[in-house]
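The values are calculated or read from the model by the stated rules, or taken from the named source; none is laboratory data. Everything quoted here is computed from the prediction, not taken from an experiment. Cβ: placed from backbone, ideal geometry, glycine included. Neighbour counts: every protein chain shown. Protein only, heavy atoms only, side chains kept; ligands, DNA and RNA dropped before computing areas. Shrake-Rupley method; radii C 1.70, N 1.55, O 1.52, S 1.80 Å.
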Amino acid sequence: MNILTFGPNGSGKGTQGAIVKEKYNLPHIESGAIFRDNIGKGTEIGIKAKEYIDRGELVPDEITIPMILDRLKQDDCKNGWLLDGFPRNKEQAIKLDEALKAASLDLDVVIEVLLDREIAKNRIMGRRLCVNDNNHPNNIFIDAIKPDGDKCRVCGGDLTSRSDDQDEEAISKRHSIYYDTETGTMAAAYYFKDIAEKNEKIKYIILDGAPGVKEVTAELMSKL
Ligand code: AMP
């Protein structure tokens, strides 16, 4: 099963992705997490990517596209994958489509989470990251996933926040890229929506990201 997920930062796309990943036992390929891992390890990709990430800009395609396409060729992706955060613009969508065709890989599901820009911004600023597991959802502004004091509500681990999540200008830039329907991330989503409309084997699922995590998960499971 090969799955693509779209949704603005703060829409809960990562949280829902983690649930789908568990259900189908898929590797969760998150472009942002791969960059953060590279930054943490001080690799060449990490050093190059950091300045763009800190500003809320996209890391250039010549770094990002090969990084993700190579990742999809690794052994753990043989039985499918859940791709999160890529493609982020139309060019990446075209290149992914070409790579899938070249590898004779079919896309099975595309998930698009809808969320108003202002709500998404507030959610981002409340987001906290568990040091033990990136997928433990914690948000100081969402009752259902409020941390336990200053600790992770799932495992009690220490919490941090991403510097690009606390910078309103960076958030605004990231959202301007997301909501751009001409060349940005929504253009990439629409690119695959068009493909799905012509191919009944591809399911294109639209979710309202405004309700709580459980409600969104229930809607997702009923549509999968
Ligand atoms: P995320 O964790 O998805 O919010 O990604 C964090 C940051 O990593 C983004 O703001 C971008 O700077 C960079 N990034 C993640 N995915 C991509 C991508 N597909 N193309 C370019 N830059 C990306």
Inset, instruction - For the chain, give the percent of accessible area contributed by carbon and sulfur heavy atoms, probe 1.4 Å, rounded to a whole number. - result: 49
Inset, instruction - Report the longest stretch of the chain that contains none of the GluC sites (Glu not before Pro) sitting in a DSSP loop with at most 10 other Cβ atoms within 10 Å. - result: 1-181
Legend entry - Interatomic Cα distance distribution for region 115-206, bins of 10 angstrom, percent: 16, 32, 28, 20, 3
Inset, instruction - Would you compute, from DSSP H runs of 4+ residues alone, the mean residue ellipticity of the chain at 222 nm, taking -39500 (n - 2.57) per run and dividing by the full residue count, rounded to the nearest 500? - result: -14500 deg cm²/dmol
Inset, instruction - Report the normalised scattering of the chain as log10 I(q)/I(0) at q = 0.11, 0.14 Å⁻¹, calculated by the Debye formula with identical scatterers on the alpha carbons. - result: -0.52, -0.88
Inset, instruction - Roll a 1.4 Å probe over the protein chains and send me the accessible area per residue for the chain in Å². - result: 50
Legend entry - Contour minus Cα-Cα distance for Thr183 and Ile195 (0.36 nm per residue): 2.6 nm
Inset, instruction - Output the lone cysteines of the chain: those with no second cysteine's C-beta under 4.7 Å from their C-beta. - result: Cys77, Cys155
Inset, instruction - Could you tell me which of the pairs Lys90/Lys146; Lys78/Lys214; Lys101/Lys193 are separated by over 27 angstrom between their Cα atoms in the structure shown? - result: Lys90/Lys146; Lys78/Lys214
Legend entry - For region 1-108, convex hull of alpha carbons as volume per residue, Å³: 107
Inset, instruction - Mind pulling up the Rg/Rh value for region 52-150? Radius of gyration and Kirkwood radius, both on Cα. - result: 1.02
